[in-house]
Amino acid sequence: MQKLSKIAVLTSGGDAPGMNPCIRAVVRTALYNGLQVVGVRQGYQGLIDNNMYDMNNRSVSNILNLGGTILKTARCLPFRTEEGMELAYKNLKARGIDGLVVIGGDGTFTGALRFSKKFPDIAVIGVPGTIDNDLYGSTYTLGFDTATNTVIEAIDKIRDTADAHDRLFFIEVMGRDSGAIALRAGISCGAEAILLPEKETAIEELIVSLKAGHYNKKSSSIVIVAEGDKHGGVYDIAKAVEKEVKNYDIKVTILGHLQRGGSPSSFDRILGSRLGFAAVNAMIAGKTQQMVGLQANNIVLTSLEEALNQHEFKLEEDLMQMMEILSI
Ligand code: F6P
């Protein structure tokens, strides 16, 4: 592989707090090593539309504390087509770009890997950025910590009013296929039950435990439902429970996109900085088609192929056990 001279960076898929610190680290690490850097706006769409700009150290000033992504993001269908990828390649080559750092989740990595297999002369390194924390190869993804803290703050507030009225709340949190936010937030807030896509919970069992909670003098109850839970929507679950549990007034709250915004936590600022730094260094070392991740507090490379095909991403066993017994 010839020596790297110019790299591009983009964010794609759902935004996540921590993306900005990561962009900053990519830009400054690259410039420090004598590389030129181009920012791509709106993810893969920007590659297709040639919507890119040269970045310098000042392009990333004062962004550590910002949620969202200064590069903007998109879920780009045209990049899935051969024509879309060819256009993107043509635009990158015309600018003399020989490396691409993509920050995003599994959809982003799927696109990056296909592109890189088709055009291997452009090195590609992925950085795991999604609040869902569902990528194999990194214990944590960018944005997960901040989003979980946001959820905890919201649920603590709901607990106040739930308790004041002796109510049962069903709260839906994000996580398309993942219960990571639900599990951590649920344990942190003492939720009476947590419904996760990773674990089947029979509605009958939920009803029995909520009734038992009331019998045991609980004045309020909170059930957290991950959006990817197999029972369907939170309203359907609440309706099914309402038929059987008569002692509580039942309310439903969907936290929605507020979970994605906000200033990144200390953890996400450091993680974004570490992963951005590592992504550029990996590329300089000649790596491609890899994801940088965090394992046992060390930076580890995993091939994009493995990160995408290995579905053994599991929630922590001890947390799963705890959720059954700590909220009695
Ligand atoms: O992947 C992150 C995520 O926030 C998921 O938890 C959620 O299902 C999805 O994105 C929502 O995507 P959008 O903002 O495109 O509706």
Q: Exactly one condition in (1) closer than 14 Å to LEU319 by Cβ; (2) open to solvent by 30 Å² or more (accessible area, probe 1.4 Å); (3) part of a loop (DSSP other than H, G, I, E, B) is not met by ARG176; state its number.
A: (1)
Q) How many residues does segment 149-173 hold that are open to solvent by less than 10 Å² (accessible area, probe 1.4 Å) and part of a helix (DSSP H, G or I)? A) 3
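So that you can scan it fast, the table gives a plain yes or no per residue for (1) open to solvent by less than 20 Å² (accessible area, probe 1.4 Å); (2) touching a residue at least 12 places away in the same chain (Cβ under 8 Å); (3) in contact with a His (Cβ under 6 Å, 6 or more places away or on another chain):
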residue	(1), (2), (3)
THR73	no, yes, no
LEU77	no, no, no
ARG80	no, yes, no
GLY96	no, yes, no
PHE109	yes, yes, no
ILE122	yes, yes, no
GLY137	yes, yes, no
THR141	yes, yes, no
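Among the residues of segment 143-194, which ones are of a type in the set (D, E, K, R) and either farther than 20 Å from LYS251 by Cα or touching a residue at least 24 places away in the same chain (Cβ under 8 Å) (or both)? Give the derivation first.
Filtering segment 143-194 down to residues of a type in the set (D, E, K, R) leaves 145, 153, 156-157, 159-160, 163, 166-167, 172, 176-177, 184, 192.
Result: ASP145, ASP156, ARG159, ASP163, ASP166, ARG167, GLU172, ARG176, ASP177, ARG184, GLU192.
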Q: Say whether the condition of being outside any helix (DSSP H, G or I), within 15 Å of LEU100 (Cα to Cα) and not β-branched (Val, Ile, Thr) is met by at least one residue in segment 12-19.
A: yes
Q: Give just the number: which of (1) within 16 Å of the ligand (Cβ to nearest atom); (2) open to solvent by 20 Å² or more (accessible area, probe 1.4 Å) does ASP49 not satisfy?
A: (1)
Q | Subset of segment 263-274 (residues that are more than 16 Å from ARG184 (Cβ to Cβ) and open to solvent by 40 Å² or more (accessible area, probe 1.4 Å)) | A | SER263, SER266, ARG269, ILE270, ARG274
Q | Subset of segment 116-144 [farther than 18 Å from ARG176 by Cβ and either part of a loop (DSSP other than H, G, I, E, B) or in contact with a Leu (Cβ under 8 Å, 6 or more places away or on another chain) (or both)] | A | SER116, PHE119, PRO120, ASP121, ILE122, ALA123, VAL124, ILE125, GLY126, VAL127, GLY137, THR139
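Looking at LYS246, LYS230, can you tell me which residue is over 30 Å from PRO17 (Cβ atoms), surrounded by fewer than 16 Cβ atoms within 10 Å (Cβ to Cβ) and basic (Lys, Arg)? Walk me through it before giving the result.
Values: LYS230 fails: over 30 Å from PRO17 (Cβ atoms).
Going through LYS246, LYS230 in turn, the sole match is LYS246.
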(Q) Every residue in segment 242-299 that is among the small types (Gly, Ala, Ser), touching a residue at least 24 places away in the same chain (Cβ under 8 Å) and in a helix (DSSP H, G or I), please. (A) GLY256, GLY272, SER273, GLY276, ALA279, ALA282
Q.
Looking at (1) open to solvent by 40 Å² or more (accessible area, probe 1.4 Å); (2) modelled with pLDDT under 95, which one does THR288 not meet, given that it meets all the others?
A. (2)
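Please tell me if ALA185 is more than 16 Å from the chain's Cα centre (by Cα) and either within 16 Å of the ligand (Cβ to nearest atom) or modelled with pLDDT of 95 or more (or both). Write out each step before concluding.
Values: more than 16 Å from the chain's Cα centre (by Cα): no; either within 16 Å of the ligand (Cβ to nearest atom) or modelled with pLDDT of 95 or more (or both): yes.
No, not satisfied.
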Q: Could you check, for segment 150-172, whether at least one of its residues is modelled with pLDDT of 95 or more, touching a strand residue (DSSP E or B) at 6+ places or on another chain (Cβ under 7 Å) and within 11 Å of the ligand (Cβ to nearest atom)?
A: yes
Q. Being within 16 Å of the ligand (Cβ to nearest atom), modelled with pLDDT of 95 or more, closer than 29 Å to ALA147 by Cβ and touching a Cys at 6+ places or on another chain (Cβ under 6 Å), is that true of even one residue in segment 73-82?
A. no
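The values are calculated or read from the model by the stated rules, or taken from the named source; none is laboratory data. Just so we're clear, the structure is a prediction, and the values are computed from it rather than from any experiment. Methodologically, a virtual Cβ is constructed for each residue, glycine included, from the backbone with ideal geometry; neighbour enumeration extends over all protein chains shown. Quick note on the areas: whole protein, heavy atoms, side chains included, nothing else; ligands and nucleic acids left out. Shrake-Rupley method; radii C 1.70, N 1.55, O 1.52, S 1.80 Å.
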